[in-house]
Amino acid sequence: MPLKLENAHPLEGNSIGKDTILEMVTAYRLEHSLDPHSLNFIHFNLQEVLQLFIDNGAIDSSVPLVDQMSYLKYWGLKIYLGYHTSTSNCPDDSGHNPNRYLKKDTAILCNTKLNTATKTWEDQITSDPAEGEKANYVSLLGAGDGLDRGSICPPNCPPTPDYAGYLHQDIAS
């Protein structure tokens, strides 16, 4: 069933309500209940997500979004599930030792772009900088980067605030 945004063309997908979402979340958590590090949810700030699209050329910040809708069908958002293997790939967790994100699941967002010739959604990710170039590498989001700055639960499960001091509602709580 297509989803409909206000004054927009229908999108393909299944529209589900809170009860169905709760049922699916509860089933996932039950299936993963033996793993205390299993990801419950991750929250990304919409401004950061939109900035990811702007930095990668999917959205032109000087043009109203409504005027870009037909072009946006060639862009996507992939969510990779990952695992924080060392403190070098954990979010800053000042004041907590050890880092609460270490050995926790995470989700990494990256833009995809449709290669119409090959009918392939291609990741818009560049390689990490070489070891000698890291001094010049800015850790802010930019073109070719993925976004791994969401608030993950665990460890930021209610009532624990996230890195910015905000609390998150959990549908299953």
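The values are calculated or read from the model by the stated rules, or taken from the named source; none is laboratory data. Worth saying up front: this structure is predicted, and the values here are computed from it rather than measured. Ideal geometry is used to build each Cβ from the backbone, glycine not excepted, and the neighbour counts take in all protein chains shown.
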Quick test for you: out of Leu52, Leu81, Leu77, pick the one residue that is outside any strand (DSSP E or B), closer than 22 Å to Gly150 by Cα, under 15 Å from the mean Cα position of the chain (by Cα) and aliphatic (A, V, I, L, M). Leu52
Total residues in the range 48-105, condition of a type in the set (A, V, I, L, M), farther than 27 Å from Thr120 by Cβ and at pLDDT 85 or above: 1
If we scan the range 71-88, do we find a residue that is closer than 16 Å to Pro154 by Cα and touching a residue at least 24 places away in the same chain (Cβ under 8 Å)? yes
Over the range 62-86, the set of residues among the small types (Gly, Ala, Ser), surrounded by 12 or more Cβ atoms within 10 Å (Cβ to Cβ) and closer than 22 Å to Pro36 by Cβ is Gly82
From the residues in the range 26-49 that are surrounded by 13 or more Cβ atoms within 10 Å (Cβ to Cβ) and among the hydroxyl-bearing types (Ser, Thr, Tyr), which one is farthest from the chain's Cα centre (by Cα)? Tyr28
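Residue-wise test of (1) among the acidic types (Asp, Glu); (2) in contact with a Phe, Trp or Tyr (Cβ under 7 Å, 6 or more places away or on another chain).
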{"residue": "His43", "(1), (2)": "no, no"}
{"residue": "Asp67", "(1), (2)": "yes, no"}
{"residue": "Tyr71", "(1), (2)": "no, no"}
{"residue": "Leu114", "(1), (2)": "no, yes"}
{"residue": "Thr118", "(1), (2)": "no, no"}
Only one of (1) modelled with pLDDT under 70; (2) charged (D, E, K, R); (3) farther than 15 Å from Ile79 by Cβ is not met by Lys113, so which one is it? (1)
Cβ-Cβ under 9 Å pairs, at least 6 apart or on other chains, the range 32-54 side free of Cβ contacts under 8 Å to residues at least 60 places away in the same chain, far side among the hydroxyl-bearing types (Ser, Thr, Tyr) and exposed (fewer than 14 other Cβ atoms within 10 Å of the Cβ): Leu50/Ser61; Ile54/Ser61
Residue check, Gly95 against (1) surrounded by 14 or more Cβ atoms within 10 Å (Cβ to Cβ); (2) without any contact (Cβ under 8 Å) to a residue 40 or more places away in the chain; (3) out of contact with any helix residue (DSSP H, G or I) (no Cβ under 8 Å at 6 or more places or on another chain); (4) within 26 Å of Ser173 (Cβ to Cβ), all met but one. Which one? (1)
